[in-house]
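The values are calculated or read from the model by the stated rules, or taken from the named source; none is laboratory data. Everything quoted here is computed from the prediction, not taken from an experiment. Heads up, the Cβs are rebuilt from the backbone with ideal geometry, glycines too, and the neighbour counts pull from every protein chain shown.
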Amino acid sequence: MWHRYVAVGDSFTEGMDDEDPEAPDRFVGWADRLAFALSEEAAGDFVYANLAVRGRLLDDIVGPQLDTALALEPDLVSVVGGGNDLLRPRADLDGLASRLEAAVVRIRATGADVLLATPTDTRHAGVFRALRGRHAVHTANLFSIAGRHGCHVVNLWEMRAIQDWRMWADDRIHLTTEGHRRVAQAALAALGLDAGEAWRVPLPPAAPTTRIAELHSHGEWVRTHLTPWLQRRVTGRSSGDETMPKRPTLGPVHGSAPN
């Protein structure tokens, strides 16, 4: 059983958009939910840090973030990154895999276990369908790395339930609370712990919608989310430029289970 868990990554591991009801300016997310479950398994002898920051590229995640993580002497590290790199026009998939594998080697050399997560399958994701080939190659690379170094893998690619748009926030990039809850359960299963099967079950069929309503939704998404994202890319800014890690040091997981 693990007793010192550190998470590194980007907005996915920070927990966007799983809002914390006790702190509106913070997020919970799958890693926090996983940490709570691991704390219960460890009967309280457990500490957790989350160094993830929205907008971060893989070089930062496996560089400064990982340096800080290893200084905390964890026995479990989740490394989930590369999603922002895959959005870049000239993403170097082989380079991403090489840098990620070097990070895994560093972690495994300390004796700690590693938890990775694949990208999702975007075949039903509208404009994001164009990323499916990149996501597939990155998924294959992740499983190859995991096989060579004995890592655990959360296989988001095979999670049909989170291909439902209702699992995603309005920005269509970050998961809702229900999506994060299911990923946390999938992570427990990937670690070999009992997570049940509810996380695999799709939502009930959605109510039918009209074409006009769909077009209005797409237009609102372009105005509210896509355009600001493009503006940040042009100006070289990141959504996480003013954001600090929410749990920069190891500490116990307090309170009741997240809702």
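Within region 158-194, the set of residues being outside any helix (DSSP H, G or I), out of contact with any strand residue (DSSP E or B) (no Cβ under 7 Å at 6 or more places or on another chain) and either free of Cβ contacts under 8 Å to residues at least 24 places away in the same chain or among the charged types (D, E, K, R) (or both) comprises Asp164, Asp170, Asp171, Arg172, Asp194. Per the conditions (1) surrounded by fewer than 15 Cβ atoms within 10 Å (Cβ to Cβ); (2) within 27 Å of Asp75 (Cα to Cα); (3) modelled with pLDDT under 85, the sole criterion not satisfied by Gly251 is (3).
Of the candidates Asp113, Asp60, the single residue that is under 17 Å from the mean Cα position of the chain (by Cα), surrounded by fewer than 22 Cβ atoms within 10 Å (Cβ to Cβ), modelled with pLDDT of 95 or more and within 23 Å of Leu34 (Cβ to Cβ) is Asp60.
Filtered by the rule that a residue be of a type in the set (Asp, Glu) and either touching a strand residue (DSSP E or B) at 6+ places or on another chain (Cβ under 8 Å) or in a helix (DSSP H, G or I) (or both), region 9-47 gives Asp10, Glu14, Asp17, Asp18, Glu19, Asp20, Asp32, Glu40, Glu41.
Out of the residues in region 53-97 that are of a type in the set (S, T, N, Q) and out of contact with any helix residue (DSSP H, G or I) (no Cβ under 9 Å at 6 or more places or on another chain), state the one that is nearest to Asn155 (Cα to Cα). By that ranking, first place goes to Gln65.
Within region 1-40, if we keep just the residues that are under 15 Å from Thr243 (Cα atoms) and aromatic (Phe, Trp, Tyr), the residue that is modelled with the highest pLDDT turns out to be Phe12.
Those residues that are among the acidic types (Asp, Glu) and buried (at least 24 other Cβ atoms within 10 Å of the Cβ), I need them from region 1-42; list them, please.
Selection gives Asp10, Glu14, Asp18, Asp32.
For beta carbons closer than 6 Å, sequence separation of 6+ or different chains, a first residue in region 108-134 that is within 25 Å of Ala31 (Cα to Cα) and a second that is assigned to a loop (DSSP other than H, G, I, E, B) and β-branched (Val, Ile, Thr), the qualifying pairs are Phe128/Thr122; Leu131/Thr122; Arg132/Thr122.
Among the residues in region 12-35, are any within 20 Å of Leu131 (Cα to Cα), under 16 Å from the mean Cα position of the chain (by Cα) and among the small types (Gly, Ala, Ser)? There is no residue in region 12-35 that is within 20 Å of Leu131 (Cα to Cα), under 16 Å from the mean Cα position of the chain (by Cα) and among the small types (Gly, Ala, Ser). Could you tell me whether region 43-53 includes any residue that is acidic (Asp, Glu) and either surrounded by fewer than 18 Cβ atoms within 10 Å (Cβ to Cβ) or closer than 18 Å to Gly111 by Cβ (or both)? Scanning region 43-53, I find at least one residue that is acidic (Asp, Glu) and either surrounded by fewer than 18 Cβ atoms within 10 Å (Cβ to Cβ) or closer than 18 Å to Gly111 by Cβ (or both), so the answer is yes.
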